[in-house]
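Here's the structure, in structure tokens; my notes come after.
Please treat every number below as a calculation from the coordinates, not as lab data. If you're wondering where the values come from, they're calculated on a predicted model, not measured in any experiment. Here Cβ is always computed from backbone atoms with ideal geometry, including for glycine, and neighbour counts include all displayed protein chains.
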Amino acid sequence: GNSVTQMEGPVTLSEEAFLTINCTYTATGYPSLFWYVQYPGEGLQLLLKATKADDKGSNKGFEATYRKETTSFHLEKGSVQVSDSAVYFCALSVYYGGSQGNLIFGKGTKLSVKP
Amino acid sequence: AAGVIQSPRHLIKEKRETATLKCYPIPRHDTVYWYQQGPGQDPQFLISFYEKMQSDKGSIPDRFSAQQFSDYHSELNMSSLELGDSALYFCASSGDRGQQYFGPGTRLLVL
């Protein structure tokens, strides 16, 4: 079946530190990969996405590259800020029957950035 | 730009009561998805609709039902509520069967 595994948190970093959150997936077919962010008490916001192998998604200084050979989509940011404190979810969906299927999420990684 | 609207934003119910959650998709979006996120958990897919027909079904309990109406809004009906139904319920919509856009969620508390 389809599944997403991401590193467990919580992750605590100092401001301006380098961030990596690991995400690997298992999927049949050709998945699209996503990172969503959830700030405290809020909904899910799409952070970035990649729809095919070797694509790099990027947004707000965050990047992730779709690696088919390692079935990975690790999230990185060179210099985190206090405002990046949130829960980050890796997710996939498989395109079938002419449509994007439902999202399958990882367990989420809570990031806390200290000043 | 218009976003996905969910109502109510907060709901408190007693055990064994019923609840109805509503979702208004982005204009011209024809697909609606429902997800449930328990406390500290990842969102779990419940059910989806495309052009007013059920398109996929996930881990939705038999006590729950949903439909999509002619104006594309969707309602999730939950009966015989249990304590474990306390969660954040998200609706997402998409157009041309593409990227999903999430609403702010409805927080349901069952006492």
When the gyration tensor of chain A is built from Cα positions, what are the square roots of 5 times its three eigenvalues, in whole Å, from largest to smallest? 25, 14, 12
Applied in sequence order to segment A:72-77, the curve 6.51 cos²θ - 1.76 cosθ + 1.60 (Karplus, θ = phi - 60°) yields integer Hz couplings, x standing for Gly and Pro, of 10, 8, 6, 8, 9, 8
Which lysines have a Cα lying under 21 Å from the Cα of B:Lys52, excluding residues fewer than 8 positions away in the same chain? B:Lys22
Contact order relative to length for chain B, counting C-alpha pairs under 8 Å separated by 6 or more residues, stands in percent at 37 percent
Rounded to a whole number, the mean other protein chain Cβ count within 10 angstrom for residues of B:29-39 is 2
So for R0 = 45 Å, FRET eff. of B:Ser59-A:Glu16 from the Cβ-Cβ r, to 0.05, ends up at 0.65
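How many partner chain Cβ atoms sit within 10 Å of a residue's Cβ in peptide A:32-39, on average, as a whole number?
Rounded to a whole number, the mean comes out at 2.
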Based on the Cα atoms of the protein assembly as shown, what semi-axes does the equivalent ellipsoid have, where each is the square root of 5 times one gyration tensor eigenvalue, given in whole Å with the largest first? 29, 21, 15
For segment B:20-72, what's the relative contact order in percent, using C-alpha pairs closer than 8 Å and at least 6 residues apart? 29 percent
Cα-Cα pairs in segment B:20-111 separated by more than 16 Å, as a whole percent of all pairs, come to 50 percent
Measuring from centroid to centroid over Cα atoms, what is the spacing of segment A:1-70 and segment B:1-80 in Å? 25 Å
